[in-house]
Amino acid sequence: MELFTEEIEKELQDQYRFGEELTQQVVVARVFNPYGEGAWYLVNQNPDDADYLWAIVDLNGVKMGEVSKSELEGIKVPPFNLPLEMDMNFKKMNAYEIYKNLQGGKGYEGKESVNYDKNVFVSDDKKEKIAKMKEWVRTSKVDGVECKTIIEASKRLKVSVSELLPYIKR
């Protein structure tokens, strides 16, 4: 799947005239690493240089700055060399509000983050799946059946590969 559609690029370029002024712009799209840390909240794009993006970056701290479109498209996340993804459920929000929320240690929507390792606000079904995922990482077995690959384990657990990845030690 392509990270950047024509529609996203047009919206980003329409906001370029606002430069670094976050209060007058919305975050058009969110690109993220579904396998670990890293999210890029895209604010604007130079119409004369499509590789230039201005974004809020949440990776080892929250920063604002220039991002290379080609670098985002070229990132391959170890250990499986999978690409970054576009958040298809992202709802456009004021860029300053997102920046403020992230700086305050909250999620981009201003809500407290859920820590699944502490099993806070997690259903019993989800707790059971988390326990089985951790068990697979330790023993390579799901319900007593050996699963040698992450694909086999994800099928047996009925979860996506991206749900399993956070439990694998890198």
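Before moving on, here are some points about what is shown:
- The Cα-based radius of gyration and maximum Cα-Cα distance (Dmax) for the chain are 18.5, 59 Å.
- Excluding same-chain neighbours fewer than eight residues apart, the aspartates and glutamates reachable from Lys129 by a Cα-Cα span under 18 Å are Asp117, Asp143, Glu146, Glu152, Glu163.
- Tilt relative to the chain, helix 124-139 - C-alpha long axis, 0 to 90 degrees, to 10: 70
- Packing-based ranking of 59-65, 90-96, 36-42, 16-22 yields 36-42, 90-96, 16-22, 59-65, ordered from highest to lowest mean Cβ neighbour count within 10 Å.
- Val26 long-range amide H proximity, modeled H, under 5 Å: Ala95
- Label-point separation, Tyr52 to Glu73 (7 Å along Cα→Cβ), nm: 1.8
Bear in mind that the values in this text are calculations on the coordinates, not laboratory data. Treat the numbers as computed from the prediction; the structure is a model and nothing was measured. As a convention, Cβ positions derive from the backbone with ideal geometry for all residues, glycine included, and neighbour counts pool all protein chains shown.
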